[in-house]
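Below you'll find the structure, written out as structure tokens, and then a few comments.
The values are calculated or read from the model by the stated rules, or taken from the named source; none is laboratory data. Not measured: the values here are computed from a predicted model. We place every Cβ from the backbone using ideal geometry, glycine too, and count neighbours over all the protein chains shown.
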Amino acid sequence: MSAAGGRAQPPQLWPSLCCGMTSGLPQPLPRLPARVVVVLLSAPLSPEEGEALSAQAGPELRLECYGRRVVCYCPEGTAEPLETVGRLLAEWTPLLPGRCRLARAGVGEPAAGPEELAESYRTARLAACSGPLFPQRLVCRYTPWTGEWESYPDQAEARLIRALRSGEDTVQPAGQLCARLLSGCRGDAAILEGWLELYCAGLRRACGQVGADWRPELDLEACFTPRELSRRMEELADRAAGLLAPDSRADHPLVARTMAIVESRYPEPLKLEGVAREQFVSSAYLGRIFHAHTGQTFRDYLTRVRLGHAARLLEEGASVSAAAAAVGYEDPNYFSRVYKKQFGYPPKEGRR
């Protein structure tokens with residue numbers, strides 16, 4: 001309660017334009033001066049797991065868990081920030097469930113007051129989001145680019161949109177756009193994050209022109225390597241391609257049923273002939289109408305669905321042979337060749 005009028009003062013808020021948080025500043029405030037450290041995990045924590053991490057923190061540290069993001073307040077005068085982060089990583093590893101790994105950590109600038117604490121959080125978060133820019137670093141500090149800025153690569157985006165509208169393969173143009181974003185942002189995660197928002201806005205605008213109300217989102221906090229960022233951009237492009245197709249699968253029940261069969265039974269040894277027989281049509285007719293409505297063959301669609309699921313399994317830590325078997329490939333060597341042809345790199349490099 002305040003002394004004047006007996007009313008409690010409203011909580012001081014994080015400056016939302018500075019760091020994107022609209023909740024109240026941590027109460028009570030950490031002992032200042034301090035630095036904020038943001039640790040990103042490969043999967044979100046449950047509330048119970050977050051409490052277990054907080055209980056393990058030393059008396060000088062404050063932890064707050066927000067899903068896959070863990071925020072730590074390290075008072076100045078304790079160990080060096082990088083040493084503190086190293087100790088935290090060593091302590092947290094045994095507590096994390098198998099599905100969850102420590103992915104990246106970012107160290108913010110020192111803060112002497114609440115306003116600077118918010119800025120320390122902003123820089124720590126941007127540093128933690130620098131994985132696609134500096135994949136070899138586990139702990140980063142944010143360094144803003146101060147030189148001449150490059151403009152957003154509109155032409156590369158336009159090539160991707162043309163491919164989406166024409167039904168062409170989008171893997172190459174999406175990968176080229178991702179490479180332009182990574183090289184053009186000059187190692188500045190803030191620029192990269194802004195450009196990814198423009199990318200999503202471009203996909204939304206293109207889909208809106210055909211009456212599709214879609215709001216794509218790409219979370220940079222969930223991308224820890226350049227390949228993961230490229231893969232997520234490709235996934236959004238694939239979704240946009242389905243919305244931009246002149247004939248959607250919903251326009252033809254036979255195509256819709258075929259795609260549903262593939263999506264639900266992709267680990268099985270599916271063949272066009274067998275799927276056609278289940279629907280009492282010839283394989284030639286089903287193959288022809290499927291290609292007309294999707295722009296791809298039945299086999300290509302089955303391969304894309306399988307490899308999409310395999311990529312997620314590898315990202316979660318599955319072995320190459322286990323991922324291959326889980327999505328319907330009996331021969332891991334053949335799976336590796338197909339995977340590399342699709343993504344441009346072998347499956348072992350897709351594992352974290």
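Kindly provide the set of residues from region 177-191 that are over 19 Å from LEU244 (Cβ atoms) and assigned to a helix (DSSP H, G or I), ordered by number. Please lay out each step first, then the result.
To start, the set of residues in region 177-191 that are over 19 Å from LEU244 (Cβ atoms) comprises 178-191.
CYS178, ALA179, ARG180, LEU181, LEU182, SER183, GLY184, ALA189, ALA190, ILE191 - these are the residues of region 177-191 that are over 19 Å from LEU244 (Cβ atoms) and assigned to a helix (DSSP H, G or I).
Filter region 147-176 down to the residues that are of a type in the set (Asp, Glu), in contact with a helix residue (DSSP H, G or I) (Cβ under 9 Å, 6 or more places away or on another chain) and more than 18 Å from TYR301 (Cα to Cα) and list them by number. Break it down into steps so the answer makes sense when it comes.
Initially, region 147-176 is screened for residues of a type in the set (Asp, Glu), giving 148, 150, 154, 157, 168-169.
If we keep only those that are in contact with a helix residue (DSSP H, G or I) (Cβ under 9 Å, 6 or more places away or on another chain) too, we end up with 150, 154, 157, 168-169.
The answer is GLU150, ASP154, GLU157.
Could you list all residues from region 98-111 that are at pLDDT below 80 and out of contact with any Leu (no Cβ under 6 Å at 6 or more places or on another chain)?
Within region 98-111, the subset at pLDDT below 80 is 98-102.
Within region 98-111, GLY98, ARG99, ARG101 qualify.
Quick check on region 191-221: of everything there that is small (Gly, Ala, Ser) and crowded, with 18+ Cβ neighbours inside 10 Å, which residue is modelled with the highest pLDDT?
Of all residues in region 191-221, those small (Gly, Ala, Ser) come to 194, 201-202, 206, 208, 211-212.
Retained after the next criterion (residues that are crowded, with 18+ Cβ neighbours inside 10 Å): 202, 206.
Numbers: GLY202: 92, ALA206: 85.
Checked region 191-221; the qualifying residue modelled with the highest pLDDT is GLY202.
Is there a residue in region 153-172 that is farther than 30 Å from GLY295 by Cα and either modelled with pLDDT of 90 or more or touching a Pro at 6+ places or on another chain (Cβ under 7 Å) (or both)? Talk me through it step by step, then tell me what you get.
Step one: list which residues in region 153-172 are farther than 30 Å from GLY295 by Cα, which gives none.
No, region 153-172 contains no residue that is farther than 30 Å from GLY295 by Cα and either modelled with pLDDT of 90 or more or touching a Pro at 6+ places or on another chain (Cβ under 7 Å) (or both).
Looking at (1) modelled with pLDDT of 75 or more; (2) in a loop (DSSP other than H, G, I, E, B), which is the one condition that is false for PRO28?
All conditions are met except number (1).
Of the numbered conditions (1) closer than 22 Å to MET259 by Cβ; (2) modelled with pLDDT of 85 or more, GLY295 fails exactly one; give the number of that condition.
Status for GLY295: all satisfied but (2).
If you check PRO135 against the conditions, is it touching a residue at least 12 places away in the same chain (Cβ under 8 Å), surrounded by fewer than 20 Cβ atoms within 10 Å (Cβ to Cβ) and closer than 22 Å to ASP219 by Cα?
Details: touching a residue at least 12 places away in the same chain (Cβ under 8 Å): yes; surrounded by fewer than 20 Cβ atoms within 10 Å (Cβ to Cβ): yes; closer than 22 Å to ASP219 by Cα: yes.
In short, yes.
Table: residues versus (1) in contact with a Cys (Cβ under 6 Å, 6 or more places away or on another chain); (2) modelled with pLDDT of 85 or more; (3) exposed (fewer than 15 other Cβ atoms within 10 Å of the Cβ); (4) farther than 30 Å from ARG137 by Cα.
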residue	(1), (2), (3), (4)
ALA310	no, yes, no, no
LEU313	no, yes, no, no
VAL327	no, yes, no, yes
TYR345	no, no, yes, no
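Considering only region 222-255, how many residues are surrounded by fewer than 19 Cβ atoms within 10 Å (Cβ to Cβ), at pLDDT 85 or above and not assigned by TED's automatic domain parsing to the domain that holds ALA174?
Count: 1.
Sort out which residues of region 146-167 are assigned to a loop (DSSP other than H, G, I, E, B) and exposed (fewer than 14 other Cβ atoms within 10 Å of the Cβ), and write them in order of number. Outline the logic, then answer.
Our first condition is that a residue be assigned to a loop (DSSP other than H, G, I, E, B); within region 146-167, this holds for 146-153, 167.
Selection gives THR146, GLY147, GLU148, TRP149, SER151.
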